[in-house]
1. In nm, to one decimal, how far is the modelled label at residue 58 from the one at residue 37, with both set 7 Å along Cα→Cβ?
2. Can you sort 59, 81, 5 by how many other beta carbons sit within 10 Å, fewest first?
3. Under a crude label model (7 Å from the Cα following the beta-carbon direction), how far is residue 49 from residue 30 in nanometres?
4. Can you sort 54, 73 by how many other beta carbons sit within 10 Å, fewest first?
5. Once label points are set 7 Å from the Cα along Cα→Cβ at both residue 3 and residue 67, what is their separation, rounded to one decimal in nm?
């Protein structure tokens, strides 16, 4: 009886290891993307909060619904500011 592994057994073992490593890499990639998305959302929130609390504008809420917040500033008399659900502060004409 011969000792060692046959060529087929070695190829199958390498294929199983490769599939395992690819699974680990894919899982790590998914986790890293999720963490980056959470970080970006948190950063956007703090940037928005900094704008809202800045003494430059002194915002007051004029209207709020599920997806946007309309703010007016007594220091800026042109158009109101709109804060959408993504946390981005925009200065546009009326949003629908």
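Nothing in this text is a laboratory measurement; each read-out follows from the coordinates by a stated rule. Note that the structure is a prediction, hence the values are computed from the model and not measured. Neighbour counts are summed over all protein chains in view; Cβ atoms, including those assigned to glycine, are modelled from backbone coordinates with ideal geometry.
1. My value for the distance between the label points is 4.1 nm.
2. Ordered from fewest to most neighbouring Cβ atoms within 10 Å, 59, 81, 5 come out as 5, 81, 59.
3. It works out to 3.1 nm between the two label points.
4. 54, 73
5. Each label point is offset 7 Å from its Cα along the Cβ direction, giving 7.2 nm.
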